[in-house]
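The values are calculated or read from the model by the stated rules, or taken from the named source; none is laboratory data. Owing to the predicted nature of the structure, the values given are computational and were not obtained by experimental measurement. Glycine gets a Cβ as well: all are built from the backbone with ideal geometry, and neighbour counts include every protein chain shown. Heavy atoms of the whole protein, side chains included, go into the accessibility calculation; ligands, DNA and RNA do not. Shrake-Rupley method; radii C 1.70, N 1.55, O 1.52, S 1.80 Å.
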Amino acid sequence: MSIRAARARIIASAVVLASLPALVGTPAAAHDSAVRLDFLGERELPNAMAFQGTTVGGLSAISYDVKSGTYYVISDDRSQTGPARFYTAHVDFADGTLKGVELTGTHPWLRPDGTTFPPTSTATATVAPDPEGIAVDPRDGTLAWTSEGERIVASDGPALLGDPWIRRATTTGAYTGQLPLPPQLHMNSQEFGPRKNQTLEGVTFTPDGRRIVTAMEDPLYQDGDDPTPEHGELTRITVHDARTGQPLAQYAYPLEPLFATPPAGSTDTNGVSDIVALDHDRFLVLERASIYTDNNWKARIYLVDLHGATDVLGRDSLTDPSARPVQPVRKTLVTDLSDVPGLTRVDNVEGITLGPRLPDGRRTVVLVSDDNFAARQATQFIAFAAHGI
């Protein structure tokens with residue numbers, strides 16, 4: 001598509017979007033969810049904790065390996081305090097509560113040539129990954145992970161662009177492959193495609209290991225603006241074949257409005273921060289929003305069902321007036337962490353996974369927060385026991 005055509009579609013999409021009813025939280029919050037969560041506890045790691053030669057922070061996603069009992073936790077450090085990396089962890093559920101969390105190891109992500117990633121540099125046109133999602137393949141225990149890529153566009157020089165990606169790796173971080181992206185998810189110096197730092201935020205395998213499912217944090221430029229206090233927006237969930245890597249389907253996901261009014265000039269918004277599959281078509285989706293200047297965070301978990309949603313794979317815009325209307329996925333509010341009795345603090349919660357079953361049969365759900373390597377924030381592990389999973 002030419003840039004002129006892309007711009008025309010963006011303008012047309014904006015007109016259509018303005019005429020649509022606001023995407024608000026009422027439909028999701030008005031119905032009882034089939035999943036209910038019981039709070040099991042919260043534990044925090046020390047700020048700027050040193051571990052095996054790294055500074056622990058920026059924990060942005062978590063995934064549990066049922067076979068080994070190991071948790072994998074990704075850091076979004078862009079090779080600034082150390083090489084881009086992930087951690088392994090043990091979570092203790094003794095007596096049916098969250099007793100403790102212990103890191104057990106760390107590994108850098110490796111490039112195809114076996115080297116670690118250097119930091120981003122405009123001088124050398126080097127783009128470090130922005131690691132955000134991690135998932136364990138239930139078939140063989142290997143990993144999939146996502147990077148949000150890079151988009152640095154300056155008026156006085158060439159753009160520095162790095163596509164988001166979905167990569168496969170061993171449990172020690174060695175590169176084993178990369179999945180193809182739908183063309184709409186490639187970075188562009190024009191306002192078409194993903195926004196900076198709002199791309200592939202979550203990744204999960206379906207329980208049978210046959211599908212890899214990713215979630216975009218926020219809308220593509222041509223899909224609409226970011227969510228505001230007045231209205232939500234549509235972002236995208238993509239289903240890939242885990243064997244070939246090819247995209248199979250894509251669905252519109254309705255984001256909630258921002259929960260409060262941010263300061264003037266702020267870029268605060270609401271977006272998807274992680275996703276975990278319950279079965280072939282149902283997922284738990286974590287939405288996370290912030291008023292960053294006030295260190296004010298909100299995190300909500302939704303039960304999402306793909307049944308009946310429009311397959312939008314190949315569509316340049318979700319609000320294109322020349323295409324048939326889009327039916328988004330169905331979502332139901334499971335919990336708003338701000339309303340959980342006993343949870344005294346909600347930080348930048350970015351990761352969600354299903355953990356082991358408790359002796360009474362309830363499935364554990366474990367969350368992790370990204371402290372942004374900031375002293376005023378916290379690295380939290382939050383646990384629940386789920387009914388209905």
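Quick check on the range 235-245: of everything there that is of a type outside the set (S, T, N, Q) and in contact with a Phe, Trp or Tyr (Cβ under 7 Å, 6 or more places away or on another chain), which residue is farthest from Leu255 (Cα to Cα)?
Residues of the range 235-245 that are of a type outside the set (S, T, N, Q), as a first pass: 236-237, 239-243, 245.
Remaining after also requiring in contact with a Phe, Trp or Tyr (Cβ under 7 Å, 6 or more places away or on another chain): 236-237, 242.
On the way: Arg236: 10, Ile237: 12, Ala242: 26 Å.
Top of the filtered list is Ala242.
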**Request:** Please give the number of the condition Gly133 fails out of (1) in contact (Cβ under 8 Å) with a residue 12 or more places away in the chain; (2) within 19 Å of Leu358 (Cα to Cα).
**Result:** (2)
**Asked** Can you name every residue in the range 247-257 that is open to solvent by less than 30 Å² (accessible area, probe 1.4 Å), of a type in the set (A, V, I, L, M, F, W, C) and in contact with a Lys or Arg (Cβ under 9 Å, 6 or more places away or on another chain)?
**Response** Ala252
**Request:** Assess whether Ala375 counts as being free of Cβ contacts under 8 Å to residues at least 12 places away in the same chain and outside any strand (DSSP E or B).
**Result:** no
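Of the residues Asp241, Asp274, which single one is surrounded by 17 or more Cβ atoms within 10 Å (Cβ to Cβ), closer than 28 Å to Ala169 by Cα and either without any contact (Cβ under 8 Å) to a residue 40 or more places away in the chain or not polar (S, T, N, Q) (or both)? Even if it seems obvious, please write down each step before you answer.
Working: Asp241 fails: surrounded by 17 or more Cβ atoms within 10 Å (Cβ to Cβ).
When all the criteria are applied, what remains is Asp274.
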**Request:** For the range 167-182, state whether one or more residues are open to solvent by less than 50 Å² (accessible area, probe 1.4 Å), in contact (Cβ under 8 Å) with a residue 40 or more places away in the chain and of a type in the set (S, T, N, Q).
**Result:** no
**Asked** For the range 145-164, how many residues meet the condition of being over 14 Å from Arg195 (Cα atoms) and open to solvent by 20 Å² or more (accessible area, probe 1.4 Å)?
**Response** 5
**Item:** Residues of the range 277-312 that turn out to be crowded, with 24+ Cβ neighbours inside 10 Å and acidic (Asp, Glu), as a count
**Value:** 1
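A quick yes/no check of all residues on (1) closer than 20 Å to Gly96 by Cα; (2) buried (at least 17 other Cβ atoms within 10 Å of the Cβ):
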position: Ser338; (1), (2): no, no
position: Asn348; (1), (2): no, yes
position: Gly351; (1), (2): no, yes
position: Asp360; (1), (2): yes, no
position: Leu367; (1), (2): yes, yes
position: Ala385; (1), (2): yes, yes
